[in-house]
């Protein structure tokens with residue numbers, strides 16, 4: 001007895017010291033990573049829990065073999081005793097820690113008491129089987145956690161994005177993480193502006209909807225400020241860097257993993273809550289059985305506690321749904337979303353970039369001086385024919401859809417950031433901004449001025465078309481409604497969403513138009529970013545559970561306030577980082593599928609609860625009525641564990657099949 005007690009103490013001490021050593025080694029390795037490295041050594045980011053539980057599981061299997069062989073050779077007996085103490089030590093430590101620090105009787109404490117009593121009583125076979133099943137569940141959970149972590153890293157690791165640094169009048173391509181304050185960067189047509197800064201050279205047309213929520217384009221030149229995540233539609237500018245944002249790739253990934261640190265504990269959800277909730281009643285029943293039936297029965301009651309299976313298998317199942325969602329095109333960074341999705345009754349959409357496409361499309365065509373719409377569009381398409389910026393693409397796409405034939409172009413001239421000029425026969429065709437026309441001394445007709453004021457008020461933009469020195473018309477540019485939006489709205493209605501609304505920083509008229517077109521329940525226009533959050537807060541005070549879907553910097557405050565926040569893969573970095581869910585197909589098609597997964601997981605957890613709860617009820621009833629012993633309750637427990645493993649494994653298999661299809 002003294003030898004066994006000594007072994008228990010030494011093994012527990014050794015286990016604690018080894019865990020402290022591995023934790024110290026991991027912290028030391030992370031601390032000494034090269035700070036300027038552009039590559040993250042992913043092995044250092046892996047969770048040690050995977051290897052740790054694998055070691056415990058393997059040691060448990062060896063212990064089962066030794067126990068079944070029933071060795072009489074003293075070294076093997078001592079080895080088996082050491083293995084038993086080693087494999088039970090994490091459970092005992094967890095149970096004692098929660099009792100002392102959190103003042104809670106948890107399932108880990110129940111297991112610790114069960115292990116201790118059975119070990120002292122010499123009933124090692126039920127003990128080692130229980131330990132193996134415990135670490136098998138931990139191993140299953142660790143596998144799901146590791147895959148989820150790899151998904152996060154793969155989905156959010158910044159690509160090797162480069163920018164053009166202007167140095168001594170020479171442009172040098174460098175990684176974006178090497179940019180410093182006061183550097184001069186060159187940004188060209190169609191590129192994303194990578195930093196906050198001031199234009200020191202050039203003019204450009206910039207789409208700032210990600211920042212402001214408005215469809216209206218901004219024309220900017222020297223001395224004006226530009227901001228990261230906005231798109232340079234036409235022109236070329238040089239920017240003096242004022243803010244570089246997140247400095248390195250390592251820092252970026254580190255922030256993502258730090259933001260999901262609760263992912264490992266809070267994801268336990270209903271299974272973990274119920275596991276701890278039943279601990280006290282089970283302990284009470286065990287105490288009563290010890291008083292009235294005997295010590296063997298009381299140990300059997302402790303052995304009937306199903307909390308461990310429910311916690312580990314339920315958590316593994318939940319995390320498997322997260323991985324399944326990813327391979328279906330939805331990245332879920334916070335598993336609590338599943339719980340909230342069942343409660344959502346109000347969905348709010350940002351407008352520009354969320355309900356509408358990222359690219360521009362032609363709206364109205366406004367002809368004047370006896371021209372018709374096709375003639376204005378043809379002239380614009382001729383001028384933009386050799387260009388590839390978003391404005392040109394929108395005009396050329398509309399010309400193609402209208403079946404217009406474009407002649408060969410003799411001469412072409414493009415003035416950066418302002419407009420395009422071509423010569424066709426004896427005519428000079430010009431397409432560009434108001435600033436472009438003013439610079440050429442071209443007078444803008446009153447009809448165009450009136451339409452311009454109306455279009456700008458609606459949050460759209462105009463490009464002007466002129467022949468020689470006369471404006472012949474204008475073309476309205478706006479962001480088109482996503483083709484899947486109407487079916488998504490209908491699908492949300494079928495899922496029981498009671499209130500669907502638009503909350504936009506855009507102007508009243510375009511927001512109202514889309515709201516009426518989609519039969520929304522309400523809309524909010526001209527809303528500042530902080531006011532979006534106030535609208536959500538007011539709805540929550542009315543008792544609603546709100547899901548907010550946005551894609552811009554201006555949506556970030558609202559996302560933090562919402563119960564569920566969703567963004568798109570093509571959204572700004574800030575929106576993707578803050579959102580709990582990212583739709584990876586750059587559209588809204590998978591939104592209803594996300595709600596389906598939430599309902600499916602709820603049903604799956606209920607089924608799993610039944611699988612592990614019913615055998616526990618049979619065990620406790622059998623102890624008091626049929627006098628079940630330790631071996632019988634262990635057998636029934638193992639049947640419950642096996643059924644639970646098969647149920648969860650089926651889900652894992654579905655994810656693996658989906659992964660192969662995706663690959």
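The values are calculated or read from the model by the stated rules, or taken from the named source; none is laboratory data. No experiment lies behind these values; they were computed from the predicted model shown. Here the Cβ is made from the backbone with ideal geometry for all residues, glycine too, and neighbour counts use every protein chain on show.
Residue 487 meets the conditions (1) within 24 Å of the chain's Cα centre (by Cα); (2) surrounded by fewer than 18 Cβ atoms within 10 Å (Cβ to Cβ); (3) within 19 Å of residue 558 (Cα to Cα) in every case but one. The failed one is (3). Somewhere in region 618-640, is a residue in contact (Cβ under 8 Å) with a residue 24 or more places away in the chain, assigned to a loop (DSSP other than H, G, I, E, B) and closer than 30 Å to residue 231 by Cβ? There is no residue in region 618-640 that is in contact (Cβ under 8 Å) with a residue 24 or more places away in the chain, assigned to a loop (DSSP other than H, G, I, E, B) and closer than 30 Å to residue 231 by Cβ. Among the conditions (1) under 22 Å from residue 143 (Cα atoms); (2) buried (at least 22 other Cβ atoms within 10 Å of the Cβ); (3) modelled with pLDDT of 75 or more, the only one that residue 328 does not satisfy is (2). Return a yes/no flag: does region 36-54 have any residue that is at pLDDT 55 or above and loosely packed, with under 14 Cβ neighbours inside 10 Å. Checked region 36-54: at least one residue is at pLDDT 55 or above and loosely packed, with under 14 Cβ neighbours inside 10 Å. Residue 340 falls short on exactly one of the conditions (1) out of contact with any strand residue (DSSP E or B) (no Cβ under 8 Å at 6 or more places or on another chain); (2) surrounded by fewer than 20 Cβ atoms within 10 Å (Cβ to Cβ); (3) in a helix (DSSP H, G or I), and that condition is (1). From the list 588, 597, the lone residue that is within 22 Å of residue 494 (Cα to Cα) and in a helix (DSSP H, G or I) is 597.
Does at least one position in region 477-496 carry a residue that is part of a strand (DSSP E or B), farther than 30 Å from residue 341 by Cβ, in contact with a helix residue (DSSP H, G or I) (Cβ under 7 Å, 6 or more places away or on another chain) and at pLDDT below 90? So that I can check it myself, show each step before the final result.
Going through region 477-496, the residues part of a strand (DSSP E or B) turn out to be 477-481.
Keeping just the survivors that are farther than 30 Å from residue 341 by Cβ gives 477-478.
Next cut, in contact with a helix residue (DSSP H, G or I) (Cβ under 7 Å, 6 or more places away or on another chain) only: 477.
Then keep just the ones that are at pLDDT below 90; that gives 477.
Checked region 477-496: at least one residue is part of a strand (DSSP E or B), farther than 30 Å from residue 341 by Cβ, in contact with a helix residue (DSSP H, G or I) (Cβ under 7 Å, 6 or more places away or on another chain) and at pLDDT below 90.
Can you tell which of 531, 577, 585 is surrounded by fewer than 18 Cβ atoms within 10 Å (Cβ to Cβ) and in contact (Cβ under 8 Å) with a residue 60 or more places away in the chain? Exactly one residue qualifies, and that residue is 585.
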